[in-house]
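Every number in this text was worked out from the coordinates using simple rules, so none of it is lab data. The structure presented is a predicted model; accordingly, all values stated were derived computationally and were not measured. For neighbour counting, all protein chains shown are included, and Cβ atoms are generated from backbone atoms with ideal geometry for every residue, glycine included.
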Amino acid sequence: MQGLVVLGATGSIGRNTLDVVRRNPERLRVLGLSAQRDVAGLHAQCVEFRPRHAVLADAAAAAELRERLRADGIDTRVGDGAEALAELAAHDEADQVMSAIVGAAGLLPTLAAVRAGKRVLIANKEPLVMGGPLLLAEARRCGATLIPIDSEHNAIFQCLPPGSRCGEAPSGVRRLILTASGGPFRQTPVGDLDHVTPQQAVRHPNWVMGPKISVDSATMMNKGLELIEASVLYALPDERLDVVIHPQSTVHSVVEYVDGSMLAQLGESDMRVPIAHALAWPQRWTSGVGGLDLGRLGSLQFEAPDLQRFPCLGLAREALRGGDALPNVLNAANEIAVEAFLNGRLRFTGIATLIEKTLDQALGGAPPDGGDLASILAIDAWARARAGELLNA
Ligand code: NAD
Ligand code: MG
């Protein structure tokens, strides 16, 4: 029986993780669950899974959850705030930690899990973009194991030679090819993109996900963040990482070897597949998802991405190439831009413009990236402030 902590339990990845747990009750015991302020969602999960600990980032929400659990006679201990979250991520009895908070908010708890030497299943890609080298170096130093949950990176992990470890360049690999669905606006006339709404942007054709990553998929910044994530996890430079649009989301990514072999992982567009893979690795457990009926699939399409339509993808590549503070600045500006778009304060096409302007300012004056936590947080704060000013200008 392994102890599992789920950070971001009430979100899309969190709920899919608990569904896999539900199907493997003899293997996993839920030790702790966390969320930001969704009292009803976390309460229902506490009633079902009876974790020892629950943490809500918001103190008022935590007080309400405490009260409700007391009334139910459930003895889950409820904490609140950043410190309680980091403690939960590093809990002595946790064997595995699912990192599934959205955005930069996941950096500190993910780092805490890594520093405690846990097996960390990493869905929360933004911390890898902000401070990938630090997370990988700390994992090495503290004996933590990172297993990617992002479907592309998990697919790659499954196709790499046995013994490959995150943070080390895999042997015999020439190129990694990330597949991308192209999102809801793959065929929208480019001139109409100025006027698309948040409701249209979050309606992804193949995946059901949280609002932030859904907007990232619509701009293809998601694939841009994933290029940086792949570069960190597989220690490969930008020129050995490719993106191809594959509207069916059936092939989840491809590893090209030096001998010309190309290995791909295929499956339904259901995050329970990579989640179950990572929880079970190196074994295999049931996920609740069946295989594909290849005879009924028909044809699969692949096409090169159009950078005119998806400028965010180009910006992410530039940030990856430029290195230093740029990936972190890109991520922070994107978080500000996506939030503004979801709140109706910025047009869809304004997302890329705001990020580009923030990156331009960074070339002249961002704090340098010393690779330590303090400088990662300083760059993030600097970029959020600049993007906020640009938004209000
Ligand atoms: P979501 O919005 O559905 O859920 C986010 C979770 O994090 C919720 O439980 C929320 O309460 C919690 N949270 C949000 N802000 C917080 C804060 N400030 N402090 C503490 N907790 C906070 O998001 P999601 O779609 O599940 O995505 C989670 C992460 O996984 C993201 O980084 C995303 O890019 C990545 N990811 C998601 C998918 C997917 O299919 N949803 C696929 C690949 C990668
Ligand atoms: Mg992905």
(Q) Just to confirm the filter: which GluC sites (Glu not before Pro) across segment 1-99 are DSSP coil and have at most 10 other Cβ within 10 angstrom of their Cβ? (A) Glu26
**Q.** Å³ per residue enclosed by the Cα convex hull of the chain
**A.** 140 Å³
Q | Selected from Ser12, Ser99, Ser253 as most flexible by GNM, with the chain as the system and alpha-carbon contacts under 10 Å | A | Ser12
Q. Any idea which of Gly163, Gly191, Leu18 is furthest toward the positive side of the dipole for the chain, if Lys and Arg beta-carbons carry +1 and Asp and Glu beta-carbons -1?
A. Leu18
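Return the FRET efficiency for the residue pair Arg345, Asp95: r is the Cβ-Cβ distance, R0 is 51 Å, and the value is rounded to the nearest 0.05.
On the way: r = 43 Å, r/R0 = 0.84.
So the FRET efficiency works out to roughly 0.75.
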Q | Helix-only mean residue ellipticity at 222 nm for the chain, each DSSP H run of n ≥ 4 adding -39500 (n - 2.57), per residue, nearest 500 | A | -14500 deg cm²/dmol
Q.
Please give the Cα centre distance for segment 90-128 versus segment 173-250, rounded to the nearest Å.
A. 23 Å
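Would you tally the net charge around Arg272, using a Cβ to Cβ cut-off of less than 11 Å, leaving Arg272 out, and scoring K and R as +1, D and E as -1? If you can, show how the numbers build up before the last one.
Details: positive: Arg15, Arg22, Arg23; negative: Asp19, Glu268, Asp270.
Every neighbour counted, the sum reads 0.
What net charge do the residues around Ile245 carry, taking every other residue with its C-beta under 14 Å from that of Ile245, with Lys and Arg at +1 and Asp and Glu at -1?
Net charge around Ile245: -2.
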Q.
How big is the dipole moment of the chain about its Cα centre under a simple scheme where the beta carbon of each Lys and Arg is +1, that of each Asp and Glu is -1, and everything else is neutral? Debye, nearest 20, please.
A. 640 debye
Q: Quick one: which residues, 5+ away or cross-chain, put their amide H under 5 Å from the amide H of Gln2? H built at 1.01 Å from N.
A: Leu28, Arg29
Q.
Just to be sure I understand: of the beta bridges DSSP finds with both ends in segment 2-148, what percent are antiparallel, rounded to 5?
A. 0 percent
Q: Compute the signed sum of charges (Lys and Arg +1, Asp and Glu -1) over the other residues within less than 12 Å, Cβ to Cβ, of Ile379.
A: -2
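Need one word for segment 2-148: rounded, prolate or oblate. Basis is the Cα gyration tensor (sqrt eigenvalues a ≥ b ≥ c); a/c below 1.5 gives rounded, then a/b vs b/c decides.
On the way: a/c = 1.89, a/b = 1.51, b/c = 1.25.
Cα axes put segment 2-148 in the prolate bin.
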Q) Given +1 on the Cβ of Lys and Arg, -1 on the Cβ of Asp and Glu, and no further charges, what dipole in debye does segment 1-91 carry about its Cα centre, rounded to the nearest 20? A) 320 debye
